[in-house]
Structures are given as structure tokens and as C-alpha cells.
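Notes follow the structure.
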Amino acid sequence: MKMKLRENPAVKALAFTAAVAAFAATAILGWYQLANYDALWDPDYNEGDGYTIYYLERRDEQDIVGLLNLYELRDAGTDLSVYQEQEIVRLEDELSAQSTNLRWQLLAPDKTVLHGNTQESLPARALGLYWTYYEPLDLGAYAYPVEDDAWARLVASAVNVDDATNAVYTDDWQRLLELYLGFYEGDEVAAEEARDMGYDLTQLDEDTVFLAADGTSQLLLVEGEDGMYLYAPCLRWTMEPNEFGYQYDAGQGDWARTEGTAQSQELFLWLDGSFPVDDQYREAFQSLNQWRGDRGLLLGGTIVCGVLGLLLTAYLCAACGHRRDREGIHLNWFHRLPGDLLLFLLFCGVAIAVSLAWEITVYYAYTDLSMAGQLVLMGLLAAACAALCLGGLLTVVVRCKAHTLWRNTLIWRLCRWLWGLCRAAAEAFPLTWKVVIVGVGYLLFTIFTFNYYGGAWLLGTAACVALLCLWAFQWKKIRIGAQEIIGGNPEYHIDTSHMLPDLKRHADELNNLGQAISAAVEDRMRSEHFKAELITNVSHDLKTPLTSIINYVDLLKKEQIGNPKAAEYIEVLDRKSQRLKKLTEDLVEASKASTGNLTVTLERLDLGQLLDQAVAEYLDRLEAKGLAVVSALPERPVWVMADGRHLWRVMDNLLGNCAKYALEGTRVYLGIQEYSDSASFSIKNISRDELNVPPERLMERFVRGDESRTAEGSGLGLSIAQSLTELQHGRFELSIDGDLFKATVTLPKAAAPGGPVPGFVPAEG
């Protein structure tokens with residue numbers, strides 16, 4: 001069977017490598033075009049100098065400023081070191097018109113050329129023409145470029161001047177400045193007063209900065225053509241204006257403008273468009289010209305590489321997680337790492353790669369590397385970024401397929417742990433104490449918020465009332481469920497969704513109880529059905545041989561047998577076979593009665609007449625046992641709704657029970673009681689044997705009062721009588737008082753002949 005394309009590990013590895021290479025190529029080509037956008041795509045080519053030329057100019061600008069600073073030191077009469085002299089020679093050679101195509105001039109305010117490698121007038125149109133403000137060397141310690149309006153930050157930076165090594169920070173800076181001016185004019189008293197303040201004016205120079213310790217000193221913010229500058233007062237500026245014409249007035253504690261003293265200088269840089277010198281500028285210009293001719297190919301390559309990378313990414317997203325030897329989604333060790341931790345590490349890797357690319361490109365590349373070297377470094381960094389991003393995307397896709405994106409994170413594990421901890425604490429805490437804590441918390445909340453935060457108190461009260469209503473509503477659901485289960489509906493299920501934890505736990509216990517009861521009832525019914533079916537089948541199987549035995553006994557009884565013992569044996573066989581027949585019939589009837597398989601035909605019957613007839617049938621047997629029947633039957637008819645055949649069997653079983661188990665020489669009492677909607681008859685007798693069995697147990701099958709089982713009987717009579725009574729919508733009751741045995745049968749009452757037949761209502765227990 002051929003391996004599916006998405007399950008081939010070699011194909012997936014090759015696709016991943018190709019995708020990384022495609023994205024890296026896209027990044028390189030795209031970066032090159034964006035960096036040189038004006039040079040490649042601007043119709044007016046002379047207005048754009050390209051990325052490479054721009055940074056070559058910035059590099060050379062640093063050398064120019066360094067050379068000008070050395071000129072400032074030399075013009076101020078400072079003794080230069082041998083190294084500084086050599087540096088001037090080197091820079092003049094590198095920045096001369098014979099060594100570079102870059103042209104530069106430092107112009108005075110009157111536009112005269114102070115320094116430069118050409119005396120020609122500034123061209124009206126040149127490559128890369130731009131200017132910058134040049135700061136004189138001696139102002140560097142006191143002028144600070146301002147990038148925005150963050151005044152507090154500017155004040156803080158001015159207070160912490162690192163370059164002013166002789167700065168004096170004091171709350172008395174204003175007075176100290178005045179004393180220095182007096183000392184400068186020859187006032188000896190000023191020197192003594194300053195010495196008393198702890199300062200030696202002879203050790204202070206004109207570059208000393210005086211600032212208040214609390215940062216409240218007067219600062220000067222000057223906006224020039226090239227930016228904004230911040231100044232702090234110094235001794236020099238008390239005697240002469242700064243380069244913008246501002247002078248600090250110690251008496252007024254503020255700055256004043258002196259017109260006509262500005263000393264700003266402008267530095268101009270541009271490229272000679274003819275490129276007479278073979279240098280990096282001409283090389284970069286030629287490279288841009290070449291790429292300008294092939295810009296369509298460059299753009300097309302960028303698009304093709306980008307589309308190819310996206311297509312390979314789509315294939316990898318579809319194929320990731322599949323293996324040829326496993327069904328479903330396979331998670332390797334990489335995909336099992338915590339997702340948030342992994343993505344954080346991938347993000348850090350990408351950030352480091354981007355930062356390195358920025359550093360290399362902006363600060364270092366153009367001083368040490370060619371464009372080819374820069375492209376190689378950018379390509380490697382772009383490939384690293386693409387690999388990290390693609391790996392992160394694929395692991396997210398695999399986790400989404402396996403549905404583990406959220407569950408396999410440190411945040412999810414922490415949240416689950418905290419939730420489990422809170423839930424365990426809440427479950428372990430008694431409900432009573434929860435109510436007490438909530439009550440006390442609400443009381444304290446009311447005390448602290450009622451008078452001052454009325455809105456918060458109203459919201460808190462509304463939340464408590466809503467919680468109480470929710471609790472009451474859910475408790476009502478639990479009560480209804482409990483009543484249903486107790487009422488005989490164990491299948492009832494309480495909906496526990498969105499319930500409070502304590503109530504939910506109680507509802508779950510009730511649901512489990514109902515399920516247990518339902519399972520027990522079902523098991524009991526299944527057991528009863530099995531027993532009934534077993535009894536019926538066994539009885540049916542016994543009936544045929546039992547009938548044969550009875551028939552053959554009858555035949556033997558008709559034969560003339562001279563042996564008295566044989567005749568006696570035949571009599572025993574006849575008696576025992578009849579008893580076995582009766583037992584089999586009782587078993588079948590008990591089984592049918594308990595399962596409700598008997599046909600019941602209810603009709604109007606005279607209870608007294610039927611009971612009188614039954615007593616008449618049993619009168620001889622009762623008298624033979626020495627039992628006297630005492631009957632208290634009403635003279636008028638007592639009409640009940642019952643099945644005559646089944647009711648007769650009930651009376652037969654009760655009277656037969658008296659004949660078997662009543663004490664000889666005692667009385668059997670019969671009585672009928674009539675009620676508004678029912679009527680009952682009762683039979684009472686004194687038991688021959690001690691009754692140490694509960695009434696409820698006597699009504700079970702095969703249970704007899706004679707535990708020695710010496711008397712005749714199957715132990716089914718009372719159970720059959722109970723089942724038949726209940727089939728007729730009646731109630732069968734037994735009571736024992738010492739040796740007194742009483743059976744009561746209650747049946748629904750019927751109307752007298754000629755009247756309507758009332759509906760049947762089961763007797764109340």
C-alpha cells in the first residue's frame with residue numbers, strides 16, 4: 001500500500017526546509033527593495049541615493065565631525081598629541097576630493113566655507129544633498145538634544161550632568177554665582193563669604209555648572225533648525241552669550257537674548273554625480289543601477305518565493321500530526337511541551353534574531369561589510385526567524401487538531417490547580433460556616449459602605465439578594481426532586497447545571513439515590529418475574545406425573561387388596577398426592593397473583609352472604625377440631641365490589657388457616673365492619689402454636705406460624721390472600737396480640753341494587 005503524501009516524513013522535512021528558504025529569500029529580496037525603494041522605484045532617480053549610499057554618508061559624517069572637533073582643539077591652542085596629529089592627517093586624506101566621491105562643507109552663519117574638501121558652490125541638484133547642524137566642541141558638556149516634550153525627564157538629565165566634572169550642586173547656587181562674579185571683578189569679601197559657605201572660588205572655573213539640589217534651577221530650551229536643545233546656567237554664560245545668542249543673568253536668575261551673537265554652523269554633504277573616484281559610493285551606485293534595470297525580476301522573485309512559502313506552509317499544516325504507523329493525530333515530545341512556554345521561547349528567539357538583524361544592518365554592517373555580506377547575514381537571520389515562526393505555527397496547528405492547545409499550557413494547569421484548591425477548600429468548609437462568613441461579611445460591608453459609598457452598598461445588597469433568590473430557587477428544585485423520589489418515581493432526575501456547589505452536591509446525592517432505588521426495584525421485579533416463571537414452569541412439569549400418580553392411586557383403591565398394610569399405604573399415597581396437587585395449584589396461583597396475571601371481574605356482591613356460605617362449607621372441619629364459630633354478621637346486605645371467585649378463595653384460605661392452626665376447643669370470631677366508602681370482614685382465632693413471627697413476615701411466601709412444619713399447609717395461603725385482595729383494589733391486614741391471630745380484608749363499597757355503581761378508590765392505609 002502506497003504511503004500517503006502527508007505521512008511521508010522525508011517529504012515533510014524537505015517541504016519545511018524549502019518553506020524556510022522561500023521565506024528567507026522573500027525577506028531578503030523584500031528588505032532590499034524597501035531599503036532602496038527610492039533608488040529602485042522612484043521615477044526621478046537623482047532624488048534617491050539608496051540604503052547603502054545613505055549609510056556610507058552617515059559613516060563618513062562621523063569622521064568629518066571628528067576631524068572638525070580636532071580642528072576646534074587645534075584652533076583653541078590646545079596641544080595635540082601625536083595620535084591626534086596623525087588622526088588629522090589620516091582623516092584629511094580619506095575625506096579629500098581625490099579619495100572619495102563625497103563632498104562636504106562646513107558653512108559659517110554668513111555662508112562662508114570654514115572647512116571642506118571643495119570650495120565650489122553648493123550644487124542646485126546633487127545626489128544625497130543634505131545638511132546638519134554642527135556643534136562646537138566647547139558646548140558639548142552643556143547642550144543636550146531634546147527628542148520630545150518630556151520636560152520632567154529633561155530636567156532630571158540636566159541635573160545629572162556627567163560631562164561637567166567641576167559641577168557644584170547646592171541650594172545656594174544663586175548666591176554662590178553672585179559671589180563668583182564679584183570675585184571675578186576683584187571683590188575679596190566675596191571670596192571670604194564663599195569660603196564660609198564651604199567653597200573655594202579659586203577652584204571654580206568658568207565651565208562650572210550651578211544647579212539647585214531640588215532641580216528647580218532655570219533651564220533654557222532652544223529650538224533650532226535641526227532640533228531642540230536644553231541648557232543649564234554656567235559661569236561662562238554669565239560673561240558671554242551662547243551660540244544662539246542667549247546669556248544667563250545671575251541677578252534676575254533667568255536667560256536674556258543678545259541679538260547678533262548667534263554662532264550656529266551648518267555642515268553640508270552631497271555626492272558628485274559624475275563619480276570620478278573609484279570608491280564604495282560608485283560601487284553602490286552601479287549596483288543600484290543594475291538592480292534598477294532588473295527590478296521587475298526582483299519583484300517577481302519576491303512574489304514567487306512568498307507564494308511558494310505559503311503553499312508549502314499550507315501543505316505542512318495539512319500534513320503535520322499524521323504518521324503512517326498510527327491513526328489519528330500523533331503528538332511528539334515537541335508538541336507535548338507547554339504551549340505558552342514554547343511560544344514564549346519562540347517569540348524570544350524571533351525577537352533576538354530581529355534585534356541582531358537591526359544591529360547588524362543599522363550600526364555595524366556598513367562600516368565593515370559589503371552589501372553581499374549583509375545579504376548573507378540577513379538571509380541567515382531571516383531563515384532563523386522563518387524556521388522559528390513556522391515551527392510555532394505547526395505546533396499550534398497540531399495542538400488544535402488534537403484539541404490540546406489550551407489544555408497543554410502552564411496557564412491552564414495553574415488555573416486548574418487553583419480551581420481545584422479553591423473547590424476543595426470550599427467543599428471541606430461546612431455550609432453553616434459559609435453562611436456565617438457571608439452574613440458577617442455583608443454586615444461589615446454595610447458598615448463601611450452605607451454612609452460613604454451608597455452605590456457600592458446598593459450593588460452589594462443586590463448581589464446578596466440575587467444570590468439568596470438563586471439559592472432558594474435551586475433548593476426548591478431539590479425539594480421537588482426529593483418528593484418525586486419519595487413518592488415512587490425513582491427515575492426523576494434533578495437538573496444540577498449551574499447549581500451552587502453545596503446544593504449541587506446534595507442534588508447529585510439524591511440523583512444517585514434515585515438511580516440506586518430504581519436499579520433495586522428493577523432487580524427485584526426481574527427476580528420476582530424469574531421466580532414466578534420458574535414456579536409456573538416447575539408446576540406445569542409436575543402436573544402431568546402428579547396426575548398419573550393420582551389416577552393410579554384411584555385405580556388401586558378400587559382393587560380388592562387383602563393386605564391391610566397395602567390398603568393403608570394406598571391411603572397415605574392418596575392423601576399425600578392430593579396435598580402435593582394442592583401445593584402445586586397454590587404455587588401457580590401465588591405466582592399469577594403476585595405478577596398480576598389473573599383476570600379480575602369486579603361485580604356487586606353481598607359480603608355477609610358470601611362469608612356465611614364460606615363458613616357453612618368449613619363448619620364440619622371446624623367442629624371436628626373443636627372450634628366454635630362466633631359470627632357477628634349484619635342482617636342487611638353489605639354490598640362490595642369484588643371478584644366472587646377470588647374473594648371466595650381469600651375466605652377459603654383464611655378459614656382453612658383457622659382449621660389448621662387454631663387451638664382446639666377455642667372459638668373463631670367472624671365480623672363485618674361497614675364504613676362510608678368501604679367494608680371489611682375479619683376472622684379471629686387463638687393460635688395453637690406460639691406466634692413469634694411478625695405479621696408482615698407471615699404474609700411472605702412459604703412462611704408458616706408452625707416453624708416445626710408438622711401441620712399441613714404450604715405457607716402460601718396468606719400470601720395468596722393478600723395478592724388476591726390487592727388485585728380487587730382492597731387491603732389485607734394481619735395483627736397479632738399474644739396468641740390472638742386476626743386477619744382483616746377491606747374492599748371498596750358498592751351501591752345497593754338499583755343505584756349507580758361508584759368508582760373504586762383503594763382503601764387508605
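The values are calculated or read from the model by the stated rules, or taken from the named source; none is laboratory data. The structure presented is a predicted model; accordingly, all values stated were derived computationally and were not measured. All Cβ positions, glycine included, derive from the backbone under ideal geometry; neighbour counts span all protein chains shown.
Here are the numbers:
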| read-out | value |
| --- | --- |
| Some residue of the stretch 511-524 being in the same structural domain as K581 (by TED's automatic domain parsing), closer than 25 Å to R423 by Cβ and at pLDDT 80 or above | yes |
| Test for I494: is it modelled with pLDDT of 80 or more and either of a type outside the set (S, T, N, Q) or under 27 Å from T446 (Cα atoms) (or both) | yes |
| Failed item, numbered, when Y618 is tested on (1) of a type in the set (F, W, Y); (2) part of a helix (DSSP H, G or I); (3) out of contact with any helix residue (DSSP H, G or I) (no Cβ under 6 Å at 6 or more places or on another chain) | (3) |
| Qualifying residue in the stretch 533-545 (condition: at pLDDT 75 or above and either in the same structural domain as Q578 (by TED's automatic domain parsing) or surrounded by 11 or more Cβ atoms within 10 Å (Cβ to Cβ) (or both)) | yes |
| All positions within the stretch 376-412 that are of a type in the set (K, R) and either surrounded by 15 or more Cβ atoms within 10 Å (Cβ to Cβ) or in the same structural domain as A24 (by TED's automatic domain parsing) (or both) | R399, K401 |
| Test: residue in the stretch 254-276 that is farther than 30 Å from K111 by Cβ and at pLDDT 85 or above | no |
| L654 being part of a helix (DSSP H, G or I), modelled with pLDDT of 85 or more, in the same structural domain as A616 (by TED's automatic domain parsing) and crowded, with 18+ Cβ neighbours inside 10 Å | yes |
| Count - residues of the stretch 662-684 that are farther than 17 Å from V615 by Cα and buried (at least 17 other Cβ atoms within 10 Å of the Cβ) | 2 |
| Complete set of residues in the stretch 166-205 that are modelled with pLDDT of 75 or more, assigned to a loop (DSSP other than H, G, I, E, B) and of a type in the set (G, A, S) | G186, G198 |
| Total residues in the stretch 657-689, condition without any contact (Cβ under 8 Å) to a residue 40 or more places away in the chain, under 19 Å from A750 (Cα atoms) and in a loop (DSSP other than H, G, I, E, B) | 0 |
